[in-house]
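Undergrad: Before anything else, here's the structure in question.
The values are calculated or read from the model by the stated rules, or taken from the named source; none is laboratory data. The model shown is predicted, which means the values in this text are computed figures rather than measured ones. Virtual Cβ from ideal backbone geometry, glycine too; neighbours counted across all protein chains shown.
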Amino acid sequence: MRNNNSIFTEDAWAIKNGGRILVYADEHLKDDLDRDAVRKFVREKGALGAMWTYDYDCGQEGPWYRLVCDMVDYDIDKLKSRNARYYIRRGLKDCTVRKVDYLWLGDNGYETYINAASRYTNFKPVSRETFRKEMHEHSSEPGREVFGTFVGEKLVAYETLLIWGQRVCAYATKFDPAYSKAYPMYALEYTVARHYLKEKGYKEIDGGSRPLLHKTDIDDFLLRLGYRKAYSRLGLYLVPSVRAILGIARIFRKVCKLLLPSRYYAILESLLLAQDIAKATSRH
């Protein structure tokens, strides 16, 4: 087990659900985390719980995984999907993909963000000012990079990335559905993967874990682009009050669906699903 001093630091954890759930986002873990240490860390941060992935890429198929691309010398001709190769070429023909910075994105990316949000269910977008503030704050953080996709001079898609050693993590990806016929996401994801894997020599691009909250087709999309599922185990700790609420909700699931606003019910379902996955993938 890794030294707790290198794990339980603020920089090693991403914050989800308004700071209420901590998600480990540093180096891959082989071993599970000590529950007492997690409990203490969650209490110190005033959070409701924590999630982490361990036994990374264990080779045992299961319900928890991360989507990763570690294809050596990544290139379009190495992709097995004929459709993917076709759409990438279409996207590269109709779009331009280039690096931008967080300051620029904060000032110019909100329209793309809000248009992308129109596709989501159970998603509450932030205000323009909050978006700008968050992007400007990220601009001073090491390892943060952004790629944007343009049709003409119009930003139609972007991806924010965080570099951890030899691993590049996709942090947030958004695209304007009005420009879907230009295939901006194919152009964007291909360019990003080729840039970091082939041109820069990074070992892996992490496209994120299996989604819990939002229904999405991102899995199939990334698999067509040469990603694979790195099966792992899910660690989960929730404070006793949350566990108690979930226990009641599990019994009265149908009633909760009728009474709760759709977003809160979706969050409830995501936590129940996380509990099920953590139990199914536990070594104990």
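Undergrad: Please work out which one of (1) within 22 Å of His138 (Cβ to Cβ); (2) of a type in the set (A, V, I, L, M); (3) in contact with a helix residue (DSSP H, G or I) (Cβ under 9 Å, 6 or more places away or on another chain); (4) modelled with pLDDT under 90 is the condition Ile7 fails and give its number.
TA: Exception for Ile7: condition (1).
Undergrad: Quick check: anything in the stretch 162-177 more than 22 Å from Arg66 (Cβ to Cβ) and either free of Cβ contacts under 8 Å to residues at least 60 places away in the same chain or exposed (fewer than 14 other Cβ atoms within 10 Å of the Cβ) (or both)? Let's see the steps before the verdict.
TA: Start the filter on the stretch 162-177 by keeping residues that are more than 22 Å from Arg66 (Cβ to Cβ), which leaves 176-177.
Filter once more, keeping what is either free of Cβ contacts under 8 Å to residues at least 60 places away in the same chain or exposed (fewer than 14 other Cβ atoms within 10 Å of the Cβ) (or both): 177.
Among the residues of the stretch 162-177, at least one is more than 22 Å from Arg66 (Cβ to Cβ) and either free of Cβ contacts under 8 Å to residues at least 60 places away in the same chain or exposed (fewer than 14 other Cβ atoms within 10 Å of the Cβ) (or both), which makes the answer yes.
Undergrad: Without any contact (Cβ under 8 Å) to a residue 60 or more places away in the chain and under 19 Å from Met71 (Cα atoms): is that true of Glu134 in this structure? Spell out how you get there, then give the answer.
TA: Values: without any contact (Cβ under 8 Å) to a residue 60 or more places away in the chain: yes; under 19 Å from Met71 (Cα atoms): no.
Criteria not met by Glu134.
Undergrad: Also, quick follow-up: Just give me the residues in the stretch 171-203 being among the acidic types (Asp, Glu) and at pLDDT below 95, in sequence order. Full working, then the answer.
TA: Pass one, the stretch 171-203, residues among the acidic types (Asp, Glu): 176, 189, 199.
If the condition is that a residue be among the acidic types (Asp, Glu) and at pLDDT below 95, then no residue fits.
Undergrad: Go through Leu225, Leu213, Leu197, Leu188 for me and flag whichever is over 15 Å from Cys69 (Cα atoms), surrounded by 19 or more Cβ atoms within 10 Å (Cβ to Cβ) and touching a residue at least 40 places away in the same chain (Cβ under 8 Å). Before you say what the answer is, go through the steps one by one.
TA: Numbers: Leu225 fails: over 15 Å from Cys69 (Cα atoms); Leu197 fails: over 15 Å from Cys69 (Cα atoms); Leu188 fails: over 15 Å from Cys69 (Cα atoms).
Residue meeting the stated conditions: Leu213.
Undergrad: Are there any strands (runs of 3 or more DSSP E) wholly within the stretch 24-105 with 2 or more residues that are closer than 20 Å to Asp276 by Cα, and if so which?
TA: Working: elements: 49-54, 65-69, 96-100.
Counting at least 2 such residues, we get 49-54, 65-69.
Undergrad: Being within 14 Å of Thr121 (Cβ to Cβ) and either loosely packed, with under 15 Cβ neighbours inside 10 Å or among the β-branched types (Val, Ile, Thr) (or both) is the filter here, so list the residues in the stretch 261-276 that pass it. It would help to see each step written out before you state the result.
TA: Residues of the stretch 261-276 within 14 Å of Thr121 (Cβ to Cβ): 261-267, 269-270.
Of everything in the stretch 261-276, those that are within 14 Å of Thr121 (Cβ to Cβ) and either loosely packed, with under 15 Cβ neighbours inside 10 Å or among the β-branched types (Val, Ile, Thr) (or both) turn out to be Pro261, Ser262, Arg263, Tyr264, Ile267.
Undergrad: Picking from Asp11, Asp26, Asp94, which residue would you name as being of a type in the set (Asp, Glu) and either more than 21 Å from the chain's Cα centre (by Cα) or on the phi > 0 side of the Ramachandran plot (or both)? Don't jump to the end; show me each part of the working.
TA: Values: Asp11 fails: either more than 21 Å from the chain's Cα centre (by Cα) or on the phi > 0 side of the Ramachandran plot (or both); Asp26 fails: either more than 21 Å from the chain's Cα centre (by Cα) or on the phi > 0 side of the Ramachandran plot (or both).
It is Asp94.
Undergrad: Here is a follow-up. Give the residues of the stretch 30-52 that are in contact (Cβ under 8 Å) with a residue 60 or more places away in the chain and touching an Asp or Glu at 6+ places or on another chain (Cβ under 8 Å), sorted by residue number.
TA: Result: Asp32, single match.
Undergrad: Take the stretch 86-109 and flag every residue that is of a type outside the set (Gly, Ala, Ser), closer than 24 Å to Glu141 by Cβ and crowded, with 20+ Cβ neighbours inside 10 Å.
TA: Quick first cut of the stretch 86-109, residues of a type outside the set (Gly, Ala, Ser) only: 86-90, 92-105, 107-108.
Going one step further and asking which of them are closer than 24 Å to Glu141 by Cβ, we end up with 97-105, 107-108.
Selection gives Val97, Tyr102, Leu105.
Undergrad: While we're on this one: Going residue by residue through the stretch 250-259, is there one that turns out to be closer than 23 Å to Trp52 by Cβ and at pLDDT 90 or above? Walk me through it before giving the result.
TA: We begin by selecting, within the stretch 250-259, every residue closer than 23 Å to Trp52 by Cβ; these are 250.
In the following step, the residues that additionally are at pLDDT 90 or above were identified as 250.
For the stretch 250-259, residues closer than 23 Å to Trp52 by Cβ and at pLDDT 90 or above: present.
Quick grid of which residues meet (1) farther than 21 Å from Asp176 by Cβ; (2) in contact (Cβ under 8 Å) with a residue 60 or more places away in the chain; (3) touching a Phe, Trp or Tyr at 6+ places or on another chain (Cβ under 6 Å); (4) basic (Lys, Arg):
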| residue | (1), (2), (3), (4) |
| --- | --- |
| Tyr54 | yes, yes, no, no |
| Gly62 | yes, yes, yes, no |
| Asp77 | yes, no, no, no |
| Trp104 | no, no, no, no |
| Phe123 | no, yes, no, no |
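Undergrad: Okay, moving on. Can you say whether Lys257 is over 17 Å from Tyr24 (Cα atoms), in contact with a helix residue (DSSP H, G or I) (Cβ under 6 Å, 6 or more places away or on another chain) and surrounded by fewer than 17 Cβ atoms within 10 Å (Cβ to Cβ), as far as the supplied structure shows? Lay out the reasoning, then the answer.
TA: Working: over 17 Å from Tyr24 (Cα atoms): yes; in contact with a helix residue (DSSP H, G or I) (Cβ under 6 Å, 6 or more places away or on another chain): yes; surrounded by fewer than 17 Cβ atoms within 10 Å (Cβ to Cβ): yes.
It is true that Lys257 is over 17 Å from Tyr24 (Cα atoms), in contact with a helix residue (DSSP H, G or I) (Cβ under 6 Å, 6 or more places away or on another chain) and surrounded by fewer than 17 Cβ atoms within 10 Å (Cβ to Cβ).
Undergrad: Against the definition (touching a Phe, Trp or Tyr at 6+ places or on another chain (Cβ under 7 Å) and aliphatic (A, V, I, L, M)), how does Ala170 come out, yes or no? Even if it seems obvious, please write down each step before you answer.
TA: Details: touching a Phe, Trp or Tyr at 6+ places or on another chain (Cβ under 7 Å): no; aliphatic (A, V, I, L, M): yes.
For Ala170, the condition - touching a Phe, Trp or Tyr at 6+ places or on another chain (Cβ under 7 Å) and aliphatic (A, V, I, L, M) - is not met.
Undergrad: Can you spot a residue in the stretch 118-140 that is in a helix (DSSP H, G or I), modelled with pLDDT of 95 or more and within 20 Å of Asp217 (Cα to Cα)?
TA: Among the residues of the stretch 118-140, not one is in a helix (DSSP H, G or I), modelled with pLDDT of 95 or more and within 20 Å of Asp217 (Cα to Cα), which makes the answer no.
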